[in-house]
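Structure first, then comments.
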Amino acid sequence: RNLLLVGLKTFNGQLEFYSVDEQEVLATAEHFMASHIEWDPTGRYVATTAVGLQTDNSFRIWSFQGRLL
């Protein structure tokens, strides 16, 4: 029902949260230099992480609607 489009690493961590049912973009956001994403088993939350030599190691937790928690 929900889709997350992410531009990892050199695409600067651009995120676009999309509702397939409504066929609309719910939110757009950025996690600079994000390198990994992971949905939780319920599909309600997603985590993005930025790990590497050129960035501070960080993580962010998002709702499926694109709200930064």
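Take the residues of the stretch 48-59 that are of a type in the set (S, T, N, Q) and touching a residue at least 12 places away in the same chain (Cβ under 8 Å): which is least open to solvent (accessible area, probe 1.4 Å)? My answer is Thr48. With the requirement that a residue be in contact (Cβ under 8 Å) with a residue 40 or more places away in the chain and within 16 Å of Arg60 (Cβ to Cβ), what does the stretch 17-47 give you? Once the filter is applied, which keeps residues that are in contact (Cβ under 8 Å) with a residue 40 or more places away in the chain and within 16 Å of Arg60 (Cβ to Cβ), the stretch 17-47 yields Phe17, Ala27, Val46.
If only residues of the stretch 26-41 that are not in a strand (DSSP E or B) and not hydrophobic (A, V, I, L, M, F, W, C) are counted, the one that is most open to solvent (accessible area, probe 1.4 Å) is Pro41. Tell me, please, whether a residue that is assigned to a helix (DSSP H, G or I) and surrounded by 13 or more Cβ atoms within 10 Å (Cβ to Cβ) can be found in the stretch 1-19. Yes, because at least one residue in the stretch 1-19 is assigned to a helix (DSSP H, G or I) and surrounded by 13 or more Cβ atoms within 10 Å (Cβ to Cβ).
The values are calculated or read from the model by the stated rules, or taken from the named source; none is laboratory data. Since this is a predicted model, take the numbers as computed values, not measurements. Every residue, glycine among them, receives a Cβ derived from its backbone with ideal geometry; neighbour counts consider all protein chains shown. Calculation scope for accessible area: heavy atoms of the full protein, side chains included, ligands and nucleic acids excluded. Shrake-Rupley method; radii C 1.70, N 1.55, O 1.52, S 1.80 Å.
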